[in-house]
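Down below is the structure, laid out as structure tokens.
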Amino acid sequence: MNRYKLVKFDGRVIGAALLGLALLLGGGSLRFPMTRLIVELASAGVLVWYALRGWRAPVDRWSAAAIVFLLLVLALPLVQLVPLPPSIWTALPGREDAARILEAAGLAPRWMPISLQPDATRLAAAYLIPPITMFIVTLHATQAQRVLYGWVIVAMGLAGALLGLLQAGGSQSFYLYDVGRYTAATGFFANKNHHADLLLIAILLAGGLASTGRRLGLKSPPTLAVAGGIAVLALAVPAANSRMGLLMLPIAVLAAALLLAPRKYLRRLRPRDAAIGAAVLAGLAVVGASSGVVSRLLDRFGGDPDARFKFWPDVIQAIGHYQPVGSGLGSFIKIFQRHESITTLDFTYVFHAHNDVMEIVLETGWAGVALILFGVLLWLVASWLTLRPAAWGAVTSLHLACVLGIAMLAAHSLVDYPLRTLGLACVLAFLAGCLSPATTDGTSQAKG
């Protein structure tokens with residue numbers, strides 16, 4: 001076997017294995033450190049392999065900007081860990097209590113980092129390794145390899161959907177995490193909302209991958225089989241009891257149907273065909289609404305106001321207390337407890353803001369705001385490059401699915417924390433990587 005074939009084989013297997021491992025073991029949050037550690041160590045090994053192999057991916061302006069973005073994201077927790085002299089860190093907003101503790105203990109002023117929880121910030125830096133690695137793997141992948149990686153996500157989504165249906169039956173033995181409450185399907189995740197996110201992304205990718213595979217001449221599942229898989233994924237979403245999942249489900253199904261349909265059929269699409277499709281969807285909605293699972297989910301929309309709306313004012317107050325540098329990545333739990341109002345106290349504790357924009361700004365300050373704006377700009381540019389009429393000849397359905405998938409994860413991040421699970425963070429990295437030019441076999445061979 002020559003070196004080119006070895007590199008091609010290894011790249012294909014490593015990318016698929018990393019995605020599968022991240023989705024299988026990366027469904028927990030900070031409360032499940034061991035499974036996270038396994039994914040992080042595996043990703044570090046893959047990153048070392050690519051470093052030894054050498055950079056071989058094509059880089060256009062968007063890819064270069066995305067790499068700069070990732071480097072800045074990685075640099076942020078590292079900067080927060082740099083020790084500063086007492087004259088500097090004691091002058092930063094929100095450090096008064098730390099200074100008073102040292103004084104009360106009779107300890108001399110010492111050098112301290114920006115982060116008020118350095119251990120948590122180090123864990124946050126390690127958390128970035130898997131998604132960064134997945135992005136680099138995707139940049140180095142050919143178009144065919146990217147299609148393979150996408151099918152891995154779809155396969156894990158289907159496996160999670162089937163596992164979720166077993167969990168919805170009421171048996172605790174089918175849950176992978178001790179989540180305390182066993183009232184909804186969570187699949188491979190500890191959180192039902194994150195399970196719903198994977199199902200929605202898998203729905204989008206199924207439609208986009210089948211169409212892209214046909215266009216590239218790759219061996220793809222029959223259209224009817226893909227449609228059946230999409231139906232299974234869609235039926236599993238209500239079992240997750242996720243309100244955001246239910247709201248985004250019609251968008252995902254409609255988009256997948258449009259991506260799956262051959263372009264020549266779409267050109268002949270008439271209003272009557274659209275009406276028939278709408279009637280079918282309406283019929284499925286009526287059938288679904290009559291089930292107990294969907295009824296319980298719909299009841300959640302009419303219940304008491306969500307708890308996150310009650311503690312968001314406390315988060316906003318804490319944000320102002322630590323600006324402009326923030327409290328340090330990973331410090332939310334301890335910091336929020338210091339600012340939680342008496343009206344929101346409970347027997348449980350809040351471990352995320354359920355709004356990633358708020359949590360990032362609290363922990364990273366103005367630098368986090370700048371990075372959020374940078375990331376949004378990258379997505380807008382990628383969307384324009386993908387959707388502009390001049391690019392329609394070269395754009396595949398996979399590109400369109402990735403643009404919409406990123407938007408869905410970003411939208412859910414405004415009311416939850418899907419990207420704080422390694423599985424979905426790696427999925428996002430894959431979706432973003434697919435928006436860059438794919439490596440060609442000829443390029444790999446020339447450099448291999």
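Need one word for segment 1-155: rounded, prolate or oblate. Basis is the Cα gyration tensor (sqrt eigenvalues a ≥ b ≥ c); a/c below 1.5 gives rounded, then a/b vs b/c decides. Verdict is prolate for segment 1-155.
The heavy atoms of Lys334 present about 110 square angstrom of accessible area, all protein chains included, probe 1.4 Å.
Quick check on segment 164-203: take the gyration tensor over C-alpha atoms, sort the square-rooted eigenvalues as a ≥ b ≥ c, and tell me if it's rounded (a/c under 1.5), prolate or oblate.
Because a/c hits 1.5 or more and a/b exceeds b/c, segment 164-203 counts as prolate.
Using a 1.4 angstrom probe with every protein chain in place, what is the largest-first accessible-area order of Ile360, Ile319?
Largest accessible area first, the list is Ile360, Ile319.
Annotation: Asp178 carries an accessible surface of approximately 110 Å², with a 1.4 Å probe and no ligand, DNA or RNA atoms counted.
The trypsin sites (Lys or Arg not before Pro) of segment 107-214 that DSSP puts in a loop, and whose beta carbon has at most 11 other beta carbons within 10 Å, are Arg110, Arg181. For segment 38-55, 3J(HN,Hα) computed residue by residue from phi via the Karplus equation (6.51, -1.76, 1.60; θ = phi - 60°) reads 4, 5, 5, 5, 4, 5, 4, x, 5, 4, 5, 4, 5, 5, 5, 6, x, 6 Hz, glycine and proline entered as x.
Using C-alpha pairs under 8 Å with a sequence gap of at least 6, the mean separation divided by the residue count of segment 45-189 gives a relative contact order of 20 percent. The residues Leu139, Leu249, sorted by heavy-atom accessible surface at 1.4 Å with ligands and nucleic acids left out, run Leu249, Leu139 from largest to smallest.
The values are calculated or read from the model by the stated rules, or taken from the named source; none is laboratory data. Model, not experiment: these values are computed from the prediction. All Cβ positions, even for glycine, are placed from backbone atoms using ideal geometry, and neighbour counts span all protein chains on display. Ligands, DNA and RNA are stripped out before the accessible areas are found, and what is left, the full protein with its side chains, is counted by its heavy atoms. Shrake-Rupley method; radii C 1.70, N 1.55, O 1.52, S 1.80 Å.
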